[in-house]
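First comes the structure, then the notes that go with it.
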Amino acid sequence: DAYDVLRGRKTSVEGYPFWEKESLKDEEHPLMPINATEPRVIHLFTPQKDAAGKAVLVEKNEAPEVAFEGRLVGGCVDCLVNLLGTGYDHVEAFNERYADEGIVWFLESCDLNVMAIRRAIWQMQHAGWFSKVKGFLIGRPLCHGQELMGLDQYHAVTDLLAEYQVPVLMDLDIGHIAPMMPLICGSHAKVQYKAQKLSIEMECR
């Protein structure tokens, strides 16, 4: 998929049926194939309001269909959060440039624990990075399955992203856990999801 995207032969990607929990690669076996043993389970959180009228994100298990589109931007949260407030932080200008299209954020994490992920999302949120968001694509963090003081990888992000009232798709094939969908940062993406099937169509324009 990555090779076809790079050569322009493929402009859409889909999730993979299994993912790798433990790699078989090491210094003596660098060419071992992906040890895909875990079935894909995508978690969709959609916006609702609680009894007090506060925005919340509720997981939908009845597999509804969602679709959204916009400029595809994102990457590894561990790196992105360090750009906040620096001379390399041009997100506000990018948001304004593509305000009519909106932004589709794809995010994942390498070595952050769930508490650090929550702090990083909070920083990005308060820096205004998500002001034009149309939807979130969240990959599996390397700390997949971790829970600290009652906080897991899902609430680490959904509790904060609820205010944007947009769909949040989690545990996608994005990031540091193989396999990974090749995404074109800056492309216009059309995201469709239904019944554990995800497709992302990318157009460079």
Can you give the accessible area per residue of the range 1-61, in Å², using a 1.4 Å probe?
74
DSSP loop chymotrypsin sites (Phe, Trp or Tyr not before Pro) in the range 1-92 with at most 12 other Cβ atoms within 10 Å of their Cβ, which ones?
Tyr88
Given contacts defined as C-alpha pairs under 8 Å and at least six residues apart, what's the relative contact order of the range 58-205, whole-number percent?
31
With a probe of 1.4 Å, find how much accessible area the range 64-205 has per residue, and write the answer as a whole number in Å².
45
For the chain, the percent of accessible surface on carbon and sulfur atoms (probe 1.4 angstrom, ligands and nucleic acids excluded) is 52
Loop-exposed GluC sites (Glu not before Pro) per DSSP, neighbour cap 10 Cβ within 10 angstrom, longest uninterrupted part of the chain
66-205
Please identify every one of the trypsin sites (Lys or Arg not before Pro) in the range 46-147 that sits in a loop by DSSP and has no more than 12 other beta carbons within 10 Å of its own beta carbon.
Lys54
Pair Ala51, Ala127: separation of 7 Å Cα→Cβ label points (nm):
3.9
Between Leu142 and Asn61, what is the label-to-label distance in nm when each label sits 7 Å out along the Cα-to-Cβ direction?
3.2
Descending Cα extents along the principal axes, the range 1-73, whole Å
58, 31, 22
Restricting to DSSP H runs of at least four residues, report the calculated mean residue ellipticity at 222 nm for the chain, -39500 (n - 2.57) per run over all residues, nearest 500 deg cm²/dmol.
-4500 deg cm²/dmol
Output the relative contact order of the range 139-195, whole-number percent, from Cα pairs under 8 angstrom with separation of 6+ residues.
40
Taking the Cα-to-Cβ direction at Met149 and at Glu14 and moving 7 Å from each Cα, how far apart do the two end points lie in nm?
4.3
Quick one, which of (1) 25, 21, 19; (2) 22, 18, 17; (3) 54, 19, 18 is the actual semi-axes √(5λ) of the Cα gyration tensor in Å calculated for this model?
(1)
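The values are calculated or read from the model by the stated rules, or taken from the named source; none is laboratory data. These numbers were taken from a predicted model, which means no experiment stands behind them. Cβ coordinates were reconstructed from backbone atoms using ideal geometry, including for glycine residues, and neighbour counts include every protein chain displayed. Surface areas here come from the heavy atoms of the whole protein model, side chains and all, with no ligands, DNA or RNA. Shrake-Rupley method; radii C 1.70, N 1.55, O 1.52, S 1.80 Å.
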